[in-house]
Amino acid sequence: MSKRIGIIVGSLRESSFNQMIANSIPELVDSAEYEFISIANLPLYNADLDHEEGPDPVKHYREAIQKTDGILIVSPEYNSGIPGVLKNALDWASTPTKTAVLIHKPAGVIGATPGAKGTILSQQQIRQTLDATQSYVMPAQKMYISQVTDKIDSNTRKLTDDTTRKYLQRYVQSFLQWINQVERLNE
Ligand code: FNR
């Protein structure tokens, strides 16, 4: 059966480059199913609201992650770190402590920037946060996309640069293998 991958984009911007990169993933690796999991309607994390099921948007968000075999985070870097909206979303997915949907969930991290350094710093922080949630972040392989404005077509909103397309395709294929490895580990 094909794997179900959840994609979480760490930018809420209408014309987000990271959203465009994320939009390109399903056509690059069509052997998986994909669900785009929105973080736009999540409230700011507040432990007072974090009871059994949480507010409705949180409930739906957690259920969406639960139904996936793994999640790919596609995110920009803000001020050399993780965007607040993404950190907020990961915090909501990290509770309740013993049953949180990220526990033992395979995860991968991708990031794009118009700048030169490919979101290295934000990816370090995202990995650190995912590690704290007990999800299994795919080790070693990294997917940094620099100078993204040269690599996308803003009309079709898709990734057009051939080298990056192949690189992204290989990353997602490796992620599918990683899901299989984690499933064996979880048995
Ligand atoms: C940025 N940007 C940015 N880029 C980067 O490579 N490193 C950084 O530290 C920052 N810091 C930063 C802070 C803030 C508040 C903003 C708004 C932007 C630029 C960022 O990469 C650029 O705006 C991207 O286009 C954002 O990603 P999306 O929304 O296009 O996916």
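The table below gives the values:
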{"quantity": "For the chain, calculated [θ]222 nm from helices alone, where every DSSP H run of n ≥ 4 adds -39500 (n - 2.57)", "calculated": "-12000 deg cm²/dmol"}
{"quantity": "Assigned charges on the beta-carbon of Lys, Arg, Asp, Glu; the stretch 1-107 dipole about Cα centre (debye)", "calculated": "220 debye"}
{"quantity": "Cα-only radius of gyration and Dmax that characterise the chain, units Å", "calculated": "15.7, 48"}
{"quantity": "Cα gyration tensor shape for the stretch 137-187, rounded if a/c is under 1.5, else prolate or oblate", "calculated": "prolate"}
{"quantity": "Sorted peptide list for 36-49, 71-84, 121-134, criterion being average Cβ within 10 angstrom, highest first", "calculated": "71-84, 121-134, 36-49"}
{"quantity": "Integer Hz, Karplus 6.51/-1.76/1.60 couplings in order for the stretch 66-72, x for Gly and Pro", "calculated": "3, 6, 8, 8, x, 10, 10"}
{"quantity": "DSSP-defined beta bridges in the stretch 4-186 - what % are antiparallel, rounded to 5", "calculated": "15 percent"}
{"quantity": "Rounded to 5, percent antiparallel among DSSP beta bridges of the stretch 73-154", "calculated": "10 percent"}
{"quantity": "Extreme residue, positive dipole direction of the stretch 45-136, given options SER94, ALA107, THR119 (C-beta unit charges)", "calculated": "THR119"}
{"quantity": "Ascending count of other beta-carbon atoms within 10 Å, so fewest first, for SER31, SER174", "calculated": "SER31, SER174"}
{"quantity": "Cβ-derived FRET efficiency at R0 25 Å, ASP56 paired with SER80, nearest 0.05", "calculated": "0.15"}
{"quantity": "Per-selection Rg to Rh, the stretch 47-136 - Cα, Kirkwood hydrodynamic radius", "calculated": "0.99"}
{"quantity": "The stretch 86-187: radius of gyration and largest Cα-Cα distance (Dmax), Å", "calculated": "15.3, 45"}
{"quantity": "Charge dipole (the stretch 18-88, unit charges on Cβ, about Cα centre) - positive-most of SER31, SER80, HIS51", "calculated": "SER80"}
{"quantity": "Residues of the stretch 30-44 with amide N under 17 Å of a point placed 7 Å along Cα→Cβ from GLU183", "calculated": "30-35"}
{"quantity": "For the stretch 4-186, size of Cβ-based charge dipole, Lys and Arg +1, Asp and Glu -1, in debye", "calculated": "520 debye"}
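Every read-out reported here was derived from the displayed coordinates using simple, explicitly stated rules and does not represent laboratory data. Given the structure is predicted, the values throughout are model-derived calculations rather than measurements. Quick reminder, even Gly has a Cβ in these numbers, built from the backbone with ideal geometry, and neighbours come from all protein chains shown.
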